[in-house]
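Derivation of every value follows stated rules applied to the coordinates shown; laboratory data play no part. Since this is a predicted model, take the numbers as computed values, not measurements. Please note: Cβ atoms are built from the backbone with ideal geometry, for glycine as well, and neighbour counts cover all protein chains shown.
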Amino acid sequence: MANVSIVLVSHSSKVVEGIRDIIKQMVPAVSIGIAGGTEEGEIGTSIDKITKAIEEVHSVGGVLVFYDIGSAKMNAELAVELNEYENVHIAEAPILEGAFVAAVEAGMGKSLEEVQVAAEKNDRR
């Protein structure tokens, strides 16, 4: 069975690139998609970028999406609704700490539900 993949959604491309770098150092076997900023390279979020990131890393293990602030959650929810996959969830956890915990759990082969519970237990929002 394939590991759960992770998608990071932020208003800043630099934020998601940095978080991906941190996680990949520790858990290289987990696929991480990123959707940061707008298509024009501005601060903001993009439903199209989120949808593309989900499609790029989707596997039978599922995808857990993390977001930063404001409209990132709304756009992540829309992207999840618009895709054709049943196994894409949005985590209610901090983007850095939650995604890191999720990657560790996913790297151990845990299910999407188990990975999400572990990430959300770490919720410091």
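Summary table below
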| read-out | value |
| --- | --- |
| Scan of region 1-30 for residues that are surrounded by 19 or more Cβ atoms within 10 Å (Cβ to Cβ) and in a loop (DSSP other than H, G, I, E, B), ordered by number | Asn3, Val4, His11, Val27, Val30 |
| Count - residues of region 53-109 that are closer than 14 Å to Ile19 by Cβ and among the small types (Gly, Ala, Ser) | 8 |
| Ala93, sole failed condition from (1) in contact (Cβ under 8 Å) with a residue 40 or more places away in the chain; (2) more than 10 Å from Val4 (Cα to Cα) | (1) |
| Filter result (acidic (Asp, Glu) and farther than 14 Å from Ser12 by Cα) within region 23-64 | Asp48, Glu55, Glu56 |
| Where a residue in region 7-23 is without any contact (Cβ under 8 Å) to a residue 40 or more places away in the chain and of a type in the set (Lys, Arg) and its partner, wherever it lies, is buried (at least 18 other Cβ atoms within 10 Å of the Cβ) and assigned to a strand (DSSP E or B), with Cβ under 8 Å and at least six apart | Lys14/Gly36; Arg20/Leu8; Arg20/Ile32; Arg20/Ile34 |
| From Val27, Val4, residue being over 14 Å from the mean Cα position of the chain (by Cα), closer than 21 Å to Ser111 by Cα and touching a residue at least 60 places away in the same chain (Cβ under 8 Å) | Val27 |
| Selected residue (only one of Gly33, Gly41 is part of a strand (DSSP E or B), in contact with a helix residue (DSSP H, G or I) (Cβ under 9 Å, 6 or more places away or on another chain) and farther than 15 Å from Lys73 by Cα) | Gly33 |
| Where Gly37 falls short, out of the listed (1) touching an Asp or Glu at 6+ places or on another chain (Cβ under 8 Å); (2) over 15 Å from Leu96 (Cα atoms) | (1) |
| Every residue from region 58-90 that is without any contact (Cβ under 8 Å) to a residue 40 or more places away in the chain and part of a loop (DSSP other than H, G, I, E, B) | Asn83, Glu84, Tyr85, Glu86, Asn87 |
| Counted residues, region 47-57 - those being over 17 Å from Ala91 (Cα atoms) and either in contact (Cβ under 8 Å) with a residue 60 or more places away in the chain or surrounded by 20 or more Cβ atoms within 10 Å (Cβ to Cβ) (or both) | 1 |
